[in-house]
Amino acid sequence: MFTKRHIISTREFSKEEIDYVLSRAEELEVYARAQMPGERGKKSDLLEGKILANLFYEPSTRTRFSFETAMKRLGGEVINLSSTEASSVAKGENLADTIRIVSGYCDVIALRHPQEGASRMAASFSSVPIINAGDGAGQHPTQTLLDLYTIKREGLLNDLRIALIGDLKYGRTVHSLAYALSLYGATLFFVSPEGLRMPEEIKMDLKEAGAEVFESLDIKEVIKEVNVLYVTRIQKERFPDPAEYNKVAGTYRINTELIKENEDVIIMHPLPKVDEIDAEVDGTKNAKYFLQAFYGVPVRMAVLSILLGIG
Ligand code: NCD
């Protein structure tokens, strides 16, 4: 499969490779559930002796923890850089040097960085596989794999009709996801404020790949057309001008009133959510985002074991 390769962008995956990750994740899910009643004691030493380095230069809860949990539940170990203040980054060390050094200490690196292209650059200095855990407004490929896993587990992966909602300009999760969905023949509805539309070049690539793409400013226009609402946070930290953020903050809000328009729709979100989904939605059968976050563990187990050549 893709042993020893870097994972930088979903554009570099074939459908067969993605299908393989998803089926491996299904096999490994039992180990992710090790703490749940009835599943206790299901332990694995698949990744024993292997070390993951988590290098996070931007905030993260789910991605960092689920990489760490995935590694540990498979018997591997983790070293962490979670605060740039506490490392040599604060002394002015550049990313290339950090990668050269850290890749000598571990078997695989998960890297999150505010600069688009950072992971690709890091890959050229690394002696071990780099996993892009988010590069600025660029890509977030392992998020996409867990998004697809969630959609598959809901029985919706083929002939999917999905609305990607919110910040389509700066949102790396939707960039990665849109490319991967084009491999599955999905129909894509992009819903965003005018200034946060999906970048033109991505739309062109998707159309070239044969995807059907529609754009709208209003969720109400598309909710009856889709099986999935994939909601995203407006990426405040990426706005050069805070006044521009204030203009679009709070544009979309999913509430139970809206869901009445399509009672079967499932609602996903890469999280963290801020105000785009009302808390009353959390307890509905439509809300899948907490389950989606859990699926980060089996999917990252699959990615890590394949990359390390043990799966
Ligand atoms: C996303 C990210 O970091 O791009 N979070 C995540 O990894 N689940 C989404 C976001 O920050 O809005």
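Each principal axis of the Cα cloud of segment 155-311 was taken in turn, and the coordinate range along them, longest first, works out to 49, 37, 30 Å. For the listed residue pairs Lys15/Lys288; Lys4/Lys42; Lys50/Lys152; Lys260/Lys285, the alpha carbons are over 19 angstrom apart in Lys15/Lys288; Lys4/Lys42; Lys50/Lys152. The residues Ile18, Ile130, when put in order of fewest to most other Cβ atoms within 10 Å, stand as Ile18, Ile130. Compared with the alpha-carbon gap, the fully stretched path from Asp97 to Thr284 is longer by 62.5 nm at 0.36 nm per residue. Of all DSSP bridge pairs formed entirely within segment 155-287, close to 0 percent run antiparallel. Candidates Ala34, Ala118, Thr142 compared by Cα position along the dipole of the chain: farthest toward the positive end lies Ala34, with charges placed on Cβ. A cut-off of 5 Å between modelled amide H atoms, ignoring neighbours fewer than 5 places along the same chain, links Leu81 with Asn54, Leu55, Phe56. Between Glu225 and Asp45, the FRET efficiency estimated from the beta carbon spacing at R0 = 51 angstrom works out to 0.60. Compactness of the chain was expressed as the Cα radius of gyration divided by 2.2 N^0.38 Å, which yields 0.98. Compared with the alpha-carbon gap, the fully stretched path from Phe214 to Ser87 is longer by 41.2 nm at 0.36 nm per residue. Taken about its Cα centre, the chain carries a charge dipole of about 840 debye when Lys and Arg each add +1 at the Cβ and Asp and Glu each add -1 at the Cβ. Take every Cα pair under 8 Å whose residues are at least 6 apart in sequence, average their separation, divide by the length of the chain, and the relative contact order is 21 percent.
The label-point distance for Arg11 and Ile79, in a model that sets each label 7 Å from Cα toward Cβ, rounds to 3.3 nm.
I need the calculated FRET efficiency for the pair Arg238 and Asp264, taking r as the beta carbon distance and R₀ as 41 Å, to the nearest 0.05. Taking R0 as 41 Å, the efficiency between Arg238 and Asp264 is 0.75.
Here segment 155-287 is assigned +1 on the Cβ of each Lys and Arg and -1 on the Cβ of each Asp and Glu. Its dipole about the Cα centre then comes out at about 220 debye.
No lab work stands behind these numbers, since they all come straight from the coordinates. On a predicted model such as this, the values are computed, not experimentally measured, just so you know. Every residue, glycine as well, gets a Cβ built from its backbone with ideal geometry; the counts of neighbours run over all protein chains shown.
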